[in-house]
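Have a look at the structure below before the remarks.
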Amino acid sequence: RSLPKPVIPIRIDDCQLPASFDGRDVIELRLVGGDRVKIAPSRILRHSPPILFGRETWLDELDAAWNDQHLNLYTLVAWGGVGKTSLVAHWVAERLMRPGWPGVERYFDWSFYSQGTGESRQTSADLFISEALKFFGDPDPTVGSAWERGERLAGLTRKHRTLLVLDGIEPLQYPPGDKAGMAGRLKDPGLEALVQSLAAKN
């Protein structure tokens with residue numbers, strides 16, 4: 001730090017972090033049940049507000065969802081701008097990352113908000129699927145159709161106690177009031193395969 005150089009904390013043992021690391025991303029490489037914890041660099045934690053008030057009920061709901069062994073998939077639906085991303089980012093930062101990722105063997109998040117929400121925006125999950133397949137150890141993330149790659153990703157996430165957070169998927173959904181009756185359905189076959197597969201068995 002005195003040089004000055006960036007310091008990247010990597011935790012390999014079950015220990016308390018120094019206070020100076022509070023609020024920083026930590027790469028987790030601790031042993032959990034014979035496997036190393038693997039935490040991907042977050043794309044949403046920068047949205048975690050330093051103080052979040054009036055949302056304890058929803059934070060508790062997220063705790064309950066994560067701890068429910070019979071729940072395969074949890075969706076948080078609300079109007080744009082009400083703070084869904086801030087809520088989830090705060091929950092991850094304060095209730096999972098800060099206490100050392102209890103019960104988490106794999107963590108991966110992705111935000112699709114950079115693709116926008118208009119009809120003219122990109123509506124593909126290819127980059128997400130590719131990056132996630134690499135993270136979860138797929139030998140060749142380019143092999144197979146989009147649907148096959150989505151199913152393969154689901155299979156890889158099932159191998160560990162995994163928290164997969166997908167933020168802002170609206171660009172990949174048909175809009176409300178879709179004339180063909182597809183409102184809310186996923187446009188991207190890879191993402192649809194992933195979500196359907198995890199919902200069915202996780």
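The values are calculated or read from the model by the stated rules, or taken from the named source; none is laboratory data. Everything quoted here is computed from the prediction, not taken from an experiment. All Cβ positions, even for glycine, are placed from backbone atoms using ideal geometry, and neighbour counts span all protein chains on display. Just the protein is used for accessible areas: all its heavy atoms, side chains included, with ligands, DNA and RNA removed. Shrake-Rupley method; radii C 1.70, N 1.55, O 1.52, S 1.80 Å.
Highest average first, the peptides 67-75, 134-142 ordered by how many other beta carbon atoms sit within 10 Å of their residues are 134-142, 67-75. With the simple spin-label model, which puts each label point 7 Å out from Cα in the Cβ direction, the N202 to K134 separation comes to 2.5 nm.
Legend: distances between Cα atoms for K159/K187; K38/K84; K5/K159; K159/K179; pairs beyond 32 Å are K5/K159; K159/K179.
Couplings 3J(HN,Hα) of the range 92-103, computed from phi: 5, 5, 8, 9, 10, 5, 4, x, x, 6, x, x Hz, in residue order, whole Hz [Karplus 6.51 cos²θ - 1.76 cosθ + 1.60, θ = phi - 60°; x for Gly and Pro].
On a 0 to 90° scale, report how tilted helix 189-200 is relative to the longest principal axis of the chain, with both axes built from alpha carbons and the result rounded to the nearest 10. Relative to the chain, helix 189-200 is tipped by roughly 70 degrees. Summarising the strand pairing of the chain, around 25 percent of its internal DSSP beta bridges are antiparallel.
Backbone phi angles across the range 44-50, fed through the Karplus curve with coefficients 6.51, -1.76 and 1.60 (θ = phi - 60°), yield HN-Hα couplings of 10, 5, 5, 8, 6, x, x Hz in residue order; Gly and Pro are listed as x. Normalised by the number of residues in the range 74-194, the mean separation of alpha-carbon contacts (under 8 Å, six or more apart) gives a relative contact order of 31 percent. Axis angle, to the nearest 10 degrees, between helix 56-67 and the longest C-alpha principal axis of the chain: 90 degrees.
Here the chain has 55 percent of its accessible surface on carbon and sulfur atoms, given a 1.4 Å probe and all protein chains in place. Pairs of alpha-carbon atoms within less than 8 angstrom and 6+ residues apart define the contacts here; what relative contact order does the chain have, in percent? With pairs under 8 Å counted, the relative contact order is 20 percent.
Return one number: the angle in degrees, 0 to 90 and rounded to the nearest 10, between the long axis of the Cα atoms of helix 146-157 and the longest principal axis of the Cα atoms of the chain. Between helix and principal axis, roughly 30 degrees.
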